[in-house]
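Dropping a structure here in C-alpha cells format, bear with me for questions.
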Amino acid sequence: MRILFVPLVFVCLACPPAFAGETPWQEVAPGVAVRLISAGAPDATGKALLALEIDMPEDTKTYWRVPGETGLPLELDFSGSRGVSLANQHWPHPERETVAGYLDYVYYGHTVLPLEVSIDGSDALVDIEATLGICSDICVPAQARLAFPVLDGAADPANVMRINQAMAEVPIAWSHANEPIGKARLLPDASGISVEIDPAIVDPASLIAATDLTGPLFGAPQKSPQDNLVLLPILGKTDNSALEDLEVELSFMSPRGAYQVSRTIEAGTDANVEEPGD
C-alpha cells in the first residue's frame, strides 16, 4: 500500500530576526523545522553556496532528488527571488529503503541539502518557496517560504561548516586513473541493467542508478555470478526495450568517498548474466 500524504503547512508569522546569512527556523511538521543558510559571499564567477537545512528527529525522513516509489520530490520555487537563480542543486548520497515492498531513496534525521546559486546585482535577494516530503508515522508535503538578502553580512562559520560537511557527501565526478565502472547493458529480457564494476573501488551495495523524475526507477543491486558485475532491476511497468542509448547516472561509495559516473545503456550481450530474481 502506498503511503498517504496529508497536506500540512506551517507559516512563520512572527519569526525572530535571523543572523546574517540565514533565515529563522520555520516549523513545517511536528518536531521538524527548516531554514536557509549561506556559506558566504559569491566567488569570482558570481556563484555562491546556500543550503536547505532540515532539522528532523532520527526516525523522520525526507527524500533524494529521485524520491522512489512513494516519496515526494523536493520542489524549490525561486520566482520570488531578485538577482538570484539556481545554478545547481547538490545531493548527498542517500540511503536506499524498502518499506512494505516499495523502494525509496531517503535522508533520515538532520539533513543539509546544498544549493549553488548565481548572483547578479548588489541588492540580490533569495526568496524560495520550498515543498518537501516529510515522513514519520504519517507523511506530509510540508511547505515553507525562506528569504534573506544574500549579500547582507558575513556567513556564520558554523553554517559554513555544515554546508562543507554536506558537500563532502555529494558524489563527485571520478577523475582518477582506474575506471571504477565499465559498461551498463540492458538485460536480454529488458527487466534491468547489468553494470560492470571494479569491486576494489565500488561498494556494490551502494550503487544507485538514476536518470530524472520522468525516467525509469532502478531498484536495489542484486547478486550476480560475477564479482565485477552488479544487476539493477527496473521497477514498475515501462517500455524497457526503449532504454537502449539512455544516459544513466551511476553513483556509489568507495574507500575515497562518494563518486559518480555517467554511462549510456547499451544493448545486452552478456549471455552468462543471471537475471534479477533467478
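The values are calculated or read from the model by the stated rules, or taken from the named source; none is laboratory data. On a predicted model such as this, the values are computed, not experimentally measured, just so you know. Because the Cβ atoms are built from the backbone with ideal geometry, glycine has one as well, and the counts that use them run over all protein chains shown.
Hey, among GLY121, GLY133, GLY83, GLY109, which residue is farther than 30 Å from GLN222 by Cβ and modelled with pLDDT of 95 or more?
The unique qualifying residue is GLY83.
Here's another thing I want to ask about it. Go through region 22-48 and count every residue that is aromatic (Phe, Trp, Tyr) and closer than 18 Å to VAL150 by Cβ.
Matching residues across region 22-48 total 0.
From the list GLU249, GLU196, which one is assigned to a strand (DSSP E or B) and free of Cβ contacts under 8 Å to residues at least 40 places away in the same chain?
GLU196
Give the residue, chosen from ALA142, ALA168, ALA147, that is of a type outside the set (Ser, Thr, Tyr) and buried (at least 21 other Cβ atoms within 10 Å of the Cβ).
ALA142
From the list ASP189, ASP203, ASP212, ASP198, exactly one residue is of a type in the set (D, E, K, R) and under 28 Å from SER85 (Cβ atoms). Which is it?
The unique qualifying residue is ASP212.
Something else about it: Which condition number does VAL160 fail, the rest of (1) within 29 Å of VAL117 (Cα to Cα); (2) touching a strand residue (DSSP E or B) at 6+ places or on another chain (Cβ under 7 Å); (3) surrounded by 14 or more Cβ atoms within 10 Å (Cβ to Cβ) being met?
(2)
Of the conditions (1) touching a residue at least 60 places away in the same chain (Cβ under 8 Å); (2) not in a loop (DSSP other than H, G, I, E, B); (3) not acidic (Asp, Glu), GLN165 satisfies every one except a single condition; which number is it?
Unmet condition: (1).
Between ASP123, ASP156, ASP137, which is without any contact (Cβ under 8 Å) to a residue 40 or more places away in the chain, in the same structural domain as SER38 (by TED's automatic domain parsing) and charged (D, E, K, R)?
ASP137
Separate question: Condition first: among the aliphatic types (A, V, I, L, M), in contact (Cβ under 8 Å) with a residue 60 or more places away in the chain and surrounded by fewer than 21 Cβ atoms within 10 Å (Cβ to Cβ). Can you find one or more residues in region 41-58 that meet it?
Taking every residue of region 41-58 in turn, at least one turns out to be among the aliphatic types (A, V, I, L, M), in contact (Cβ under 8 Å) with a residue 60 or more places away in the chain and surrounded by fewer than 21 Cβ atoms within 10 Å (Cβ to Cβ).
Here is a follow-up. Could we say that SER224 is modelled with pLDDT under 85, of a type in the set (Ser, Thr, Tyr) and buried (at least 16 other Cβ atoms within 10 Å of the Cβ) here?
In short, yes.
With respect to ASP212, is the statement that it is within 18 Å of the chain's Cα centre (by Cα), within 21 Å of LEU103 (Cα to Cα) and charged (D, E, K, R) true?
Yes, satisfied.
SER262 - would you say it is loosely packed, with under 14 Cβ neighbours inside 10 Å, modelled with pLDDT of 95 or more, not aromatic (Phe, Trp, Tyr) and not assigned by TED's automatic domain parsing to the domain that holds LEU52?
So SER262 fits the description; yes.
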